[in-house]
Amino acid sequence: MPEHRPRRALVTGGAGFIGSNFIAWWLGEDHDVHVVDLDRLTYAGSLENLASVRDSSRHQFVQGDICDRALVRRLLEQEAVDTIVHFAAESHVDRSIDGPAPFIHTNVVGTFTLLEAARDVWAGDASTRFHHVSTDEVYGTLALNDPRFDESTPYQPNSPYSASKASSDHLVRAYHHTFGLPVTVSNCSNNYGPHQHPEKFIPTVIRSALARQPIPVYGDGSNRRDWLYVADHCRAIGAVLANGSSGETYCIGGDAEAANLTIARTICGVMDEMLPERAPHESLITFVRDRPGHDWRYAIDASKVRRTFGWMPLESFETGIRKTVAWYLQRLQAR
């Protein structure tokens, strides 16, 4: 497929964690792209995340719902959008257990609404692109010696969140195969870095340690995840947008698999170095009741994106977590 050169892009969920990092990276990387940023500003989105692009003439923020088909269609038409990068999603597993309905509404109905609007407005224009950002959680869980997830792994979602994302992935694929919509999909491992919502695991460890409060770790802490620094994820999405093949899926991982307890201990060690007067932080780690249906292991084989685009993570977990801890400490201590 010829190189795709986005010029007028709609980014959904651009005030959230990964979306805001991606917009800042993209505007700095491509000086010709104009971004229309659509975000409902729920609890997970904040205009503070967009401070670095607030004065950019190539960034236009619109507060609105991706389920509002009239709004989405109007933005596609009026802004002559040629590319959609779809981040907007309800993404916290615990919240999906407490109340699944918002996850079905945003992740399934919202994705359907975007696809329908794109199909109507683009009307078979092959120069357009719909990129859907998804998760490795759609593949279910792995045993310790199972091979890592790749693009051929069958879907086996185990939580309402992962089921809603699996549903949206299938919709995107169906709109490509049935209607010819030019799409790409990426399934990423656990992201971390600046601007992540405080309820997520790594910010929770940092915030709790700084406050000298118990650091909650589910179960016995043995659950394993693959960690991807958010800036590396942004670079990979940029590569898929520019050179990915329509209809293809790309797994993006950080090649940094570790048990949750190891991650918590690593963060505590970094904080001991940065705040020696408060050490040791590891004594604050507290095991709490496990979440229902907790997937034990996720791990991604990112060979395809490495081979296809020459991409690889620039941050190891050791370098990325130091940057992340420093970013959070600077902001939390300033309050």
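If you average over every viewing direction, what projected area does the convex hull of the Cα atoms of segment 23-125 give, in nm²? Before the final figure, lay out each step's value.
Numbers: hull surface 28.8 nm².
The Cα convex hull of segment 23-125, projected and averaged over all directions, gives 7.2 nm².
I'd like the orientation of helix 260-274 relative to the chain: the angle between its Cα long axis and the longest Cα principal axis, in ° from 0 to 90, rounded to 10.
Compared with the principal axis, the helix lies near 70 degrees.
Any idea of Lys200's accessible area? Nearest 10 Å², probe 1.4 Å.
50 Å²
With a cap of 14 neighbouring Cβ atoms within 10 Å, and only residues DSSP puts in a loop, list the trypsin sites (Lys or Arg not before Pro) found in segment 253-291.
Arg289
Along Cα→Cβ, 7 Å out, is where each label goes; now give me the distance between the ones at Asp290 and Thr262 in nm to one decimal.
Each label point lies 7 Å from its Cα, and together they span 1.8 nm.
Quick one: pull the percent of accessible area on the chain belonging to carbon and sulfur, 1.4 Å probe, ligands and nucleic acids left out. Walk me through the intermediate numbers first.
Details: 7010 of 14040 Å².
Within the chain, the accessible surface is 50 percent carbon and sulfur.
Apply the Karplus curve 6.51 cos²θ - 1.76 cosθ + 1.60, θ = phi - 60°, to the phi angles in segment 82-92 and return the couplings in whole Hz, x for Gly and Pro.
10, 8, 10, 10, 9, 9, 3, 6, 7, 9, 9
Lysines near Lys323 by alpha-carbon distance under 29 Å, same-chain residues fewer than 8 away left out - which ones?
Once the sequence-local lysines are set aside, what remains near Lys323 is Lys200, Lys304.
Could you go through segment 62-70 in sequence order and give the Karplus-derived ³J(HN,Hα) for each residue, using 6.51 cos²θ - 1.76 cosθ + 1.60 with θ = phi - 60°, rounded to whole Hz, and x for Gly and Pro?
10, 8, x, 9, 5, 7, 8, 5, 5
What distance in nm separates the two pseudo spin-label positions at Leu314 and Asp150, each 7 Å out from Cα along the beta-carbon direction?
Result: 2.7 nm between the two label points.
Just to confirm, what accessible area per residue do you get for the chain at 1.4 Å probe, in whole Å²?
Working: 14040 Å² over 335 residues.
Accessible surface, normalised per residue, equals 42 Å².
Can you give the local net charge around Thr83? Use residues other than it whose beta-carbon is closer than 10 angstrom to its beta-carbon, Lys and Arg +1, Asp and Glu -1.
Values: positive: Arg5, Arg7, Arg8, Arg129; negative: Asp82.
My count for the surroundings of Thr83 gives +3.
If you average the sequence gap of Cα pairs under 8 Å that are 6 or more apart and divide by the length of the chain, what percent do you get for the contact order? Let's see the in-between values first.
Numbers: 646 pairs, mean separation 62.4, N = 335.
Rounded, it is 19 percent for the chain.
May I ask for the distance between the Cα centers of segment 35-88 and segment 284-311, given as a whole number of Å?
Rounded to whole Å, the Cα centres lie 29 Å apart.
Go through (1) 1.72; (2) 1.12; (3) 0.97 and flag the label whose value is the computed Cα Rg over 2.2 N^0.38 Å for this structure.
(3)
Taking the alpha-carbon centroid of each part, what is the distance from segment 136-164 to segment 184-209 in angstrom?
One Cα centre to the other: 19 Å.
The values are calculated or read from the model by the stated rules, or taken from the named source; none is laboratory data. If you're wondering where the values come from, they're calculated on a predicted model, not measured in any experiment. Positions of Cβ are backbone-derived with ideal geometry, glycine not excepted, and every protein chain shown enters the neighbour counts. Areas reflect the complete protein model, heavy atoms only, side chains present, ligands, DNA and RNA absent. Shrake-Rupley method; radii C 1.70, N 1.55, O 1.52, S 1.80 Å.
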